[in-house]
Structure formats: C-alpha cells, structure tokens
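Taken together, the values in this text are just the output of simple stated rules run on the coordinates, not laboratory data. These figures come from a predicted structure and were not determined experimentally. Here the Cβ positions follow ideal geometry from the backbone for every residue, glycine too, while neighbour counts run over all protein chains shown.
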Amino acid sequence: MILAAIKLSENTKKALIIFFLIFIIIFVLIGYISLAIEAGMKRQGSKADAMLANVVKAELFDSEKKFRRFAIRKNARVFYVESRVPFLIILGCGLAYVLYCLFTAKWGYNPFNKTDGFGTLLYEFSAWPKEKFFGINLISGWPSVVTKPHFEVSAIFSYIIVPALIVGVVWFLIYVLAYISRSIRIGKIARSIYRKKLVADEPTSTSVNH
Amino acid sequence: MLTFLKVFGRGILVTILLPFILLVLALYLVYCLLLFVIMFFRGVIAFFSGGNIGSELPEDLEAKRIVLENEKSDAQAKDMLNMMYQGMAQSMAQAAFNQAQQQQQPQVRPDVIDYLTTNENNEAPQEITQQEMPQGEDK
C-alpha cells in the first residue's frame, strides 16, 4: 500500500531497477571470487600433505607438539624458497626507484601520478552524477571521461617499474596466502593424526537392560 | 536458484567481514615479511657454514630412510609369502594329480594278486568263480 502511494517517474523506476541489478551482480561476483580464492587456498593447502607424507608414514614424532614444531619450520623454509623471486622483484623495483631519484634529483617522485607517471595510461573520470532518492544521494548515471590514456616520454620509467612492482607484490601475496593455507592444513593434519576420539555407545533412559 | 542465492549470501557475508579479513591478511603479510628477513639471514649463515637452507631437514632424511627400510622389509616379506603360497599350491596340485591317477586305475587286492601269480601245479590258471575267490578284508 505504501509502495502504491509513492508515485515514481519512469526514469526513477529504471534507475532503481538498474541500481538493484548492479547491487546483486556485485555481491554475486564477490561471492564467486571468494569461492575461487577458497578453492585455490585448499589446493595450496594440499601441498602440505606432500610435505609431511614421509614424516607421517615413518611415525617419526610421538607427540602433536613436536610434529607441529617440525611442520612450522618446514613451512617457513618452503615459503622462503618460493618467495625469493617476487621479493627480489620488489627489491629490484625499490632499488631502481632510488637510483632514478638519485640521477634525476626528483626525490619524492610519485610513479603513479597522472602527469609523468603510470596514471597517464589510465582513464580519468569526473565525479559520479548523483540524484536524491527519498532523501538519499544515489548514483544516477555514468561519470564523464576527463583524460584518455596517452603516452608520455617522461613517464617511461614508471611504465616499467609500476607493472613490475604490481607483479612482484601480487606474486608475494599469493605465496603469503599459500603459507596461510598450508598452516591451516598442518593444524588439521596434526589434529587428525594425534587426537584420537573414541565414541562409546551410552545407554539411553529408554533402554531395557540396565 | 538456491546456488545463486547461496553465492549472493556469501558475497554479502564476505563484504561485511572484509575489513577483518584484510586486517588478518595485513598482519600475516607483516609476519611473512619478517619471517622472510629472518630466513634470509639464516640462509646467509647456512651458506657460509657450508649448508643450504633449501635442502631437506634432518628429520626429512631420517623419515625417508625409515620409509625406504619399511618398504624393503615389506617387499621381502611379500616375496617370502609368495614363495610359500607357490610351494603350497604346487604340493596341493601334485596331491590332487596323484589322487586322480589312483582313482583311474582299478585297485586289485594283494591276496588276489598273490593267488593269480602263484600256481603249484604250473597249470594254466583256471577261471575263478566268485565263490572260490579268497575272501579278504573289505577295504
């Protein structure tokens, strides 16, 4: 009844429908991305099984504490060996930035800026147009393009450094996630091997024989 | 439809918990950076003392040795069992064959054989009737 009393214009109705569709699509996308990340973490965690298979088969450790201590040490080593390459890339980018600032005397240079940085390769948009719907400012259309991507000779350094840095950081983050996944899996393996659960059938109050 | 709703609900849950997830991730990132730096210095020390931080731990080598030994002894036990079973199968097959051979040949009583082969008058052996045949033990 309240909805029927509110008179909405055609444009408002269209805008509301589009807004709700975008709202649903965004959350569904986030849900699928989280599912993909979870599947990837499970796959990474299963590598802990291969890491600890021999030790479990040989029954080398007689307590959960010793097993966990060994597994944490092993996990740290595997993480270090894996993440040497992305760490070197990040370190290399940092070193290159320091040398660039040294040679050009542009200390405090921002490689992401929009005049002589990586921002010259990206679109720049104006603010989102908003309209009031029932007292709330909601997005009502698409923003306009202020600057289009263009090539700047003075920004060549940032065109090399920024992608390399992004690759290095994302790669390192993947290995951090892998470390977390293996740690979770180690906890599960330790609990399943060293914690035995005996399930006894207890007599119920309705049982005949006491 | 149910799957779609589940994913949508999961998306909302992840969005609400995102700040906490990012906080945990950030803490782990800092921890992993520190861990990397510590492992780097341990690697340098290991390098100069003739070792390698990427190599297997002593517990790994011990575990491999135990697993190999167990596999060898399992293989040896399997071989012995196989030989035993083969020997048993052969002797059982031989016994069955011998029994079959015996069943094919008619069994003649030794006293009948004796009677047939010995003849005091050196006469041709006469036809023996059922009544004349010496009665032995029925086996």
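Surrounded by 13 or more Cβ atoms within 10 Å (Cβ to Cβ), out of contact with any Lys or Arg (no Cβ under 9 Å at 6 or more places or on another chain), assigned to a helix (DSSP H, G or I) and not charged (D, E, K, R), is that true of A:Phe20? Here the answer is no, as A:Phe20 does not meet what is asked.
I'd like to check which helices (runs of 4 or more DSSP H) are fully inside region A:30-149 and have at least 3 residues that are free of Cβ contacts under 8 Å to residues at least 40 places away in the same chain, at negative phi and within 10 Å of chain B (Cβ to nearest Cβ).
A:47-57, A:64-82
Scanning region B:10-62 for residues that are among the hydrophobic types (A, V, I, L, M, F, W, C) and touching a Lys or Arg at 6+ places or on another chain (Cβ under 8 Å) yields B:Met39, B:Ile53, B:Leu57. Criterion applied to B:Val7, B:Val37, B:Val24 was being facing chain A (nearest Cβ under 9 Å), under 22 Å from A:Ser183 (Cα atoms) and out of contact with any Ser or Thr (no Cβ under 7 Å at 6 or more places or on another chain), and the one residue passing it is B:Val24.
Table: residues versus (1) away from chain B (no Cβ under 12 Å); (2) in contact with a Phe, Trp or Tyr (Cβ under 8 Å, 6 or more places away or on another chain); (3) of a type in the set (Lys, Arg).
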{"residue": "A:Ser158", "(1), (2), (3)": "yes, yes, no"}
{"residue": "A:Ile166", "(1), (2), (3)": "yes, no, no"}
{"residue": "A:Val170", "(1), (2), (3)": "yes, no, no"}
{"residue": "A:Ile184", "(1), (2), (3)": "no, no, no"}
{"residue": "A:Gly187", "(1), (2), (3)": "yes, no, no"}
{"residue": "A:Leu198", "(1), (2), (3)": "yes, no, no"}
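Among the residues of region B:42-53, which ones are surrounded by 12 or more Cβ atoms within 10 Å (Cβ to Cβ), outside any helix (DSSP H, G or I) and more than 8 Å from chain A (Cβ to nearest Cβ)? If the condition is that a residue be surrounded by 12 or more Cβ atoms within 10 Å (Cβ to Cβ), outside any helix (DSSP H, G or I) and more than 8 Å from chain A (Cβ to nearest Cβ), then B:Gly51 is the only one that fits. With respect to being under 30 Å from A:Glu10 (Cβ atoms) and touching a Leu at 6+ places or on another chain (Cβ under 9 Å), A:Lys130 fits the description. The single residue among B:Glu71, B:Glu56, B:Glu62 that is surrounded by 10 or more Cβ atoms within 10 Å (Cβ to Cβ), at the interface with chain A (Cβ under 8 Å from one of its Cβ atoms) and of a type in the set (D, E, K, R) turns out to be B:Glu62. The set of residues in region A:93-126 being closer than 30 Å to A:Ser9 by Cα and under 27 Å from the mean Cα position of the chain (by Cα) consists of A:Phe125 alone.
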